[in-house]
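Heads up, the thing below is written out as C-alpha cells.
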Amino acid sequence: MTTPNTATNTDFVLAVEGLTVSFDGFKAVNDLSFYVDENEIRVIIGPNGAGKTTVLDLICGRTKATEGSIKFRNKELTKMKEHQIVHAGVGRKFQNPSIYDDLTVFENLEISFPRGRNVWGALTFKRTAEVINKVEEIADMIFLKDQLNKQAALLSHGQKQWLEIGMLLIQDPELLMLDEPVAGMSVAERKQTAELLNKITKNRSVIVIEHDMQFVADIANRVTVLHQGKVLSEGTMDRVQNDPKVKEVYLGH
Amino acid sequence: MSQGFRSYLPKSDALNMALLALLLVIILPMSMDIFRLNLVGKYLTYAFVALGLVLCWGYGGILSLGQGVFFGLGGYCMAMFLKLEASSPENTAIQSTPGIPDFMDWNQLTALPWFWEPFHNFGFTLIAVIMVPVIFAFIISVAMFKRRVGGVYFAIITQAVAAILTILIIGQQGYTGGVNGITDLRTLKGWDIRTDEAKYILYFVCVGFLFASLFLAQFIRKSKLGRLLVAMRDKEDRVRFSGYDVSNFKIFVFCAAAAFSAIGGAMFTLQVGFMSPTFVGIVPSIEMVIFCAVGGRLSILGAVYGTLIVNWAKTSFSESFPELWLFAMGALFIGVVMAFPDGLAGVYSSKIEPRLKALLASFRSAKPQPPAQSTPPAAPKAPVSPKPLETLETLESGS
C-alpha cells in the first residue's frame, strides 16, 4: 500500500493522519495513521485498551482529537459537530445495542430515516409511502419484518443489535462503523449477522471492531491491529496473523 | 386527510378529550357557584404548567424545577397592563405623582420606569405575555443545552433561577410591587374583571385556551418530534449519531413548556386579580411538578386531572388542617412516585381502561351470544404489559 506523504487531499474514503488524543496525559490514541479505501471492509482488532473504540469515537465526533486530522472524502471531521458528521455520511453503531426501548421497531427505524432532522422538519414530518416502504425494506433485511409493531425493549439481544444496524442502514451512510456487532450473539445469530454484513457492505466502506477471529476472517478485506494507541500491524488476515509482533502482543511472553 | 388527522388524534384520545370538555364546560359550571368555579379556573391555570411539564419532563426527560418563573413572567406581563389601566391619573389623583401605580408612588418613584411604558398597549402586552417568558426560556436553555448540561444539574439551575427571580422581584419593590406583588387590578380595556359575570367569562376563556394548548401539545406529542423526545430521553447519543442536533429539540420543548406556563400565568392574573412573587419561586415550581407527577407525566390529560385533584385536596384539606397540608403534599408525592410512577393516567391505562374495554366488549357480545359473557372479564389480564408506557402507546397507536 502506498502511503500519501502529507495530510493533503487523497482519494481514500477515510484518511486518518497523526491522530492523537490524550486524557489527562494518557494517550489513548497516539500518532495513529490509517487509510480506508472505497468499498473496503476494514477490521480493527487489538487487545483490551488498545484504543479501538476511542478511534471510532474520534471519527464520529464523540471525542475531540488532541492532534491530527481525520478526513472523510477530504472533509476534515475533527472540527465538525456529531450531527454534521452524520450528515456527511458517517454512521456508527455502538458496542451495546443502542436503541429506543420505549418505541416500536418501526418508530426506531423511522427516526433514523434521513429526513426532517431539524425541529420544524420533525414537527411536520409525514409518514409517507416512501418512508413506510423503506422501513419495511430495511426491516426485511435485518430479519425483523414481523416485529415492526413490537416495542423494542422486548426484542432479544441479537435482534436489538440487528435493529441498530438497520437504523444505520436506513441512513445509507457511505462509511459505516460497527463496534463489536456480534458480541453476545448465539452461533446461529452470528452466522446470520455475517450474512447481513456481507449484504450491507456493498457500495460502502465499513470499519468493524471485532474480537471473534473466525468472524474477522469471514468478512475482512484488511485488518489493522492496534496496540497501545498505535498501529502494530496492518494487512490481510494471513499476514497479520503471522506477524511476530502481533503474536507477541496477543500471546504475551 | 382524515387518516392523517386520526394519527394525531386517535379515537381513544378524542373520547378522553371530549370527556374532559364535558366536565369543564358543562358539569362543573352547572354544579358550582361562581366562587368555587373561579377556584377551579385558578387551578386550571396551573394545569397549563403541568401540561408543559408533561412534554418537557415526561417526554423529553428534562426536569425543570423552575416553571413558576414562566408562569410568573406571563402573569406579571398581564398584571402590568391591568395595573396601568387601574392607575389612570383620575384614579390616582391623591398620589404625589398621579398616573403611576400606587406602589411606585409609595416607593418615591416620580415617573413610570421605561420598561413599564409599552404595557400601556394591549397588543404589546398579549405578545409580551408569551414572548418574555419564551425568550427567557430560550436564553436559559441555549446556555445550558448547547453545553450539554442536563439531568440533575439542569433541575438545580432552574431552581436557582426561580430563587433569583423571586429575590429580584421582592428586592425591586418600586418597580415590581415587591412581596405584595401587583394588586388591585380592576378592568381590562374598560371591562370590569371583578364581577361574577366577568369571572364566568374568564373561566370559559381559560378553558378555551387550555384546550387549544392541549391540542397543540397533542400535535407535538404525536409528531415525529414527540417520538424523538422519547428517544432522546432513552438514548441521547443514539439520536445525536442519527444526525440530530439534540440541543435544538431540548430548547424547543423547554420553550414550548414556558409558553404554556405563560398563558396559565396570564389567565391566573385575570381570574384571581393579582400577581405576586409567591407564584414564581421554588415552592410553587415544585408543586407544579407534583401536579404533573400525580396526574401522570406521560399524559397531557392526566396533567389536567392531576392538577385539579391535588388542588381540590389542598383546598379542602388546608381549610381544616392548614399546617398539615405541606406534609400531606410531600407524602402524596413520595407515594405516587413509589407506587404509581406513571400517575393517575398510568393507573387508568393499565388497570381501568382494559377492564372498561372488556366490559364494553362483553356488553356487545352479550346480546347475540350470552354464554360468552363469563369469559371476557378474565381476558384483559393477559394484554396488560409490564410497562404502563407501552400500554399507553399501543392503545393509542392501535386504534
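Computed from the coordinates by the stated procedures, all read-outs in this text should not be read as laboratory data. All figures in this text were calculated on a predicted structure; none of them were measured in a lab. When we count neighbours, we look across all protein chains shown, and the Cβ atoms used for this are built from the backbone with ideal geometry, even at glycine.
Return the Rg/Rh ratio of region B:1-155 with Cα-based radii and a Kirkwood Rh.
Values: Rg = 21.2 Å, Rh = 19.5 Å.
Computed over Cα atoms, the ratio is 1.09.
After finding the eigenvalues of the alpha carbon gyration tensor for region A:72-150, what semi-axes result from the square roots of 5 times each, listed largest first in whole Å? Kindly include the intermediate steps, with their values, before the conclusion.
Values: eigenvalues 124, 55, 31 Å².
The equivalent ellipsoid of region A:72-150 has semi-axes of 25, 17, 12 Å.
Taking the highest mean first, how do the peptides A:110-119, A:191-200, B:135-144 order by number of other beta carbon atoms within 10 angstrom per residue? Write out the running numbers ahead of the final one.
Working: A:110-119: 20.1, A:191-200: 16.4, B:135-144: 18.2.
Packing order, densest peptide first, comes out as A:110-119, B:135-144, A:191-200.
Could you let me know the centre-to-centre spacing of region B:105-133 and region B:282-298, using Cα atoms, in angstrom?
30
Could you name the aspartates and glutamates whose alpha carbon sits less than 15 Å from that of A:Lys126, not counting residues in the same chain fewer than 8 places away?
Of all the aspartates and glutamates, those that pass the test against A:Lys126 - Cα under 15 Å, at least 8 places apart if same chain - are A:Glu107, A:Glu110.
Amide H to amide H, which residues 5 or more places from A:Val29 or on other chains are under 5 Å from it, using H placed in the peptide plane?
A:Val21
For region A:14-64, list log₁₀ I(q)/I(0) at each q in 0.21, 0.24, 0.32 Å⁻¹, using the Debye formula over Cα point scatterers of equal strength and ignoring solvent, two decimals each.
-0.80, -1.03, -1.44
Can you work out the Karplus-derived ³J(HN,Hα) for every residue in region B:78-92? Use 6.51 cos²θ - 1.76 cosθ + 1.60 with θ = phi - 60°, whole Hz, and x for glycine or proline.
5, 5, 5, 4, 5, 5, 5, 5, 6, 9, 5, x, 5, 5, 10
Give a residue-ordered list of calculated ³J(HN,Hα) values for region B:255-261 (Karplus: 6.51 cos²θ - 1.76 cosθ + 1.60, θ = phi - 60°; whole Hz; x for Gly, Pro).
Rounded to whole hertz, the list is 5, 4, 4, 5, 5, 4, 4.
If I model a spin label as a point 7 Å beyond the Cα along the Cα-Cβ vector, how far apart are those points for A:Asp140 and B:Val283 in nm?
Roughly 6.4 nm, to one decimal.
Let me confirm one metric for peptide A:167-174, namely the mean number of other chain beta-carbon atoms within 10 Å of its residues' beta-carbons.
Details: counts 3, 2, 0, 1, 3, 0, 1, 0.
The shielding value for this peptide is 1.
Any idea what angle helix B:282-295 forms with the longest principal axis of chain B, computed on alpha-carbon atoms, 0 to 90 degrees, nearest 10?
Helix B:282-295 and the main axis of chain B meet at about 20 degrees.
Place a label point 7 angstrom from the Cα of B:Glu236 along the Cα-to-Cβ direction, then list the residues of region B:124-151 whose backbone nitrogen is under 18 Å away.
B:138-151
Once R0 is set to 45 Å, what does the formula 1/(1 + (r/R0)^6) return for the Cβ-Cβ distance between B:Phe122 and A:Glu76, expressed as a FRET efficiency to the nearest 0.05?
Numbers: r = 54 Å, r/R0 = 1.19.
So the FRET efficiency works out to roughly 0.25.
Can you spot the lysines whose alpha carbon is less than 20 Å from B:Lys199's alpha carbon? Ignore those fewer than 8 places along the same chain.
Those lysines meeting the cut-off are B:Lys42, B:Lys83, B:Lys189.
Can you tell me the alpha carbon radius of gyration of region B:82-128 divided by the globular rule-of-thumb value 2.2 N^0.38 Å?
Details: Rg = 10.9 Å, N = 47, 2.2 N^0.38 = 9.5 Å.
The value comes to 1.14.
Using amide H atoms built 1.01 Å from N in the peptide plane, name the residues 5+ places from A:Thr78, or on other chains, whose amide H lies under 5 Å from its own.
Those qualifying (amide H under 5 Å, at least 5 residues apart or on another chain) are A:Ile70.
Rg/Rh for region B:258-331 to two decimals, with Rh computed the Kirkwood way over all alpha-carbon pairs.
On the way: Rg = 12.9 Å, Rh = 13.3 Å.
For region B:258-331, the value is 0.97.
Count of lysine pairs in region B:207-324 with Cα atoms under 27 Å apart, counting only pairs 8 or more residues apart in sequence or on different chains?
5
Where does chain B land on the Kirkwood hydrodynamic radius, alpha-carbon pairs, in angstrom? Don't skip to the answer; put the middle values down first.
On the way: mean 1/r = 0.0443 Å⁻¹.
It is 22.6 Å.
What per residue convex hull volume, in Å³, do the alpha-carbon atoms of the protein assembly as shown yield?
Working: hull volume 140.3 nm³, N = 652.
Hull volume over Cα atoms, normalised by residue count, gives 215 Å³.
What number, in nm² with one decimal, is the all-direction average of the projected area of the convex hull of the alpha-carbon atoms of region B:1-82? Intermediate results must be reported in sequence, preceding the final value.
Working: hull surface 32.8 nm².
Taking a quarter of the hull surface, the average projection is 8.2 nm².
Could you pull out every residue, at least 5 positions away or on a different chain, whose amide H is within less than 5 Å of the one on A:Arg92? Hs are placed 1.01 Å off N in the peptide plane, and Pro or chain starts have none.
Long-range HN contacts for A:Arg92: A:Met177.
What ranking, highest mean first, results for peptides B:186-193, B:329-336, A:140-147 when packing means the other Cβ atoms within 10 Å averaged over each residue?
Details: B:186-193: 12.8, B:329-336: 15.1, A:140-147: 17.0.
By packing density, highest mean first, the sequence is A:140-147, B:329-336, B:186-193.
Going by C-beta contacts inside 10 Å, put A:His227, A:His157 in order with the fewest on the left.
On the way: A:His227 19, A:His157 14.
Listed from fewest to most nearby Cβ atoms, that is A:His157, A:His227.
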